[in-house]
Ligand code: HEM
């Protein structure tokens, strides 16, 4: 009888080596399709490259390595580095707990006031409380749900809508010719004896262009976070499932491939090339795009147009504490949102006398 044992042994060695060789080439191949990446340090990865302003750091890296780059490490060390998981090295956890405690006390007080008041007024909180009491509803709202919803609207809706007029006014102080043109448009369309209203905005294309130009250069949310749910190929690069992805809206708005003189504040570009803000033009995404894009886009835009319009309609803004600065700095501060490094300080001088606050035609 033929003895197969030595053949079987050789076959086994051949099979295992083939599997190893294939696995080796496959991993090399997969790696070579990962987005390019700078040299990373042990443990912290690229964290040292992402400060102080992550959107500026990502932009710098993309100029060097291409529009899609891979970086390891994240803003919160404990989230990503196993060794630090239990340690709150940057005190984020402590700060979050503190903010949560303070917000909870505040919103609890407001909810109690609403519950005790007999008012029939239909404000948002009253509507939510009524839904929560309604046993017939398919979805049962808990007190926690209501608090989370209010917090979401609060956090996402207030800061962004306040940052845009601040950046816009700073730009106009530094560009007096644009300020003059904007005020002249409002005077022409609205006049001087009534306050600008939301319904005027469609007749104020230059005002709209100024706000869009402000959002292009100073998007209140400079990095939009996403997470890949499955393995995908983007622009030829392999993006693994569960990868944190940041879309740099700040860098998109400054991309010379899409914008002429990208660093210049030129509202006219939006008059020549009307462009929507609702996520259809990927070079201009101030409100994000897709299913998670800002649900407050219409409200946010209306608020910014009307408040900003009223600010320049009613006042001349003299920069500086004494109103004697010819220019203001445009340095960026740090944060999830994009604040000014030095908040804008101005002396408002009434330009309409009396200010027509009472007249709503
Ligand atoms: C100029 C004003 C505003 C700007 C520039 C802005 C921008 C953004 C951006 C870029 C996002 C992320 C979108 C994405 O992930 O694709 C976002 C999310 C969000 N915004 Fe706004 N926003 C503004 C005003 C508002 C207002 C007024 C509200 C509500 C009253 C609001 C509510 C929200 C909410 C709830 C989210 C989270 C949506 C989600 O994650 O599903 N925003 N906003």
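Any read-out appearing in this document is the output of simple, stated calculations on the displayed coordinates, not a laboratory observation. Please read all numbers here as calculations on a predicted model, not as lab measurements. Virtual Cβ from ideal backbone geometry, glycine too; neighbours counted across all protein chains shown.
Going 7 Å from the Cα of residue 232 along its beta-carbon direction, which residues of segment 241-259 have the amide nitrogen within less than 15 Å of the resulting point?
241-248
Percent relative contact order of segment 285-341, based on C-alpha pairs within less than 8 angstrom and at least six residues apart?
With pairs under 8 Å counted, the relative contact order is 13 percent.
Calculate, axis by axis, the spread of Cα positions in the chain along the three principal axes, and write the results as whole Å, longest axis first.
Reported extents, whole Å, longest axis first: 113, 58, 36.
Once you keep just the Cα pairs under 8 angstrom separated by 6 or more residues, what percentage relative contact order results for the chain?
16 percent
Points 7 angstrom from Cα along the Cβ direction at residue 174 and residue 121: gap in nanometres?
4.0 nm
Could you compute the FRET efficiency for residue 64 and residue 153, with r as their C-beta to C-beta distance and R0 at 45 Å, rounded to 0.05?
0.70
Once you keep just the Cα pairs under 8 angstrom separated by 6 or more residues, what percentage relative contact order results for segment 221-320?
Relative CO of segment 221-320 lands at 18 percent.
For a test of the definition: using alpha carbon positions, the gyration tensor, and the 1.5 limit on a/c, classify segment 160-361 as rounded, prolate or oblate.
Prolate is the answer for segment 160-361, as a/c is 1.5 or above and a/b outweighs b/c.
For the chain, what does the helix formula give at 222 nm: sum of -39500 (n - 2.57) over DSSP H segments with n ≥ 4, over the residue count, nearest 500 deg cm²/dmol?
Value at 222 nm, helices only, nearest 500: -15000 deg cm²/dmol.
By how many nm would the segment from residue 130 to residue 321 grow when fully extended, if each residue of separation counts as 0.36 nm and the alpha-carbon distance is taken off?
Length difference between fully extended and current span is 64.0 nm.
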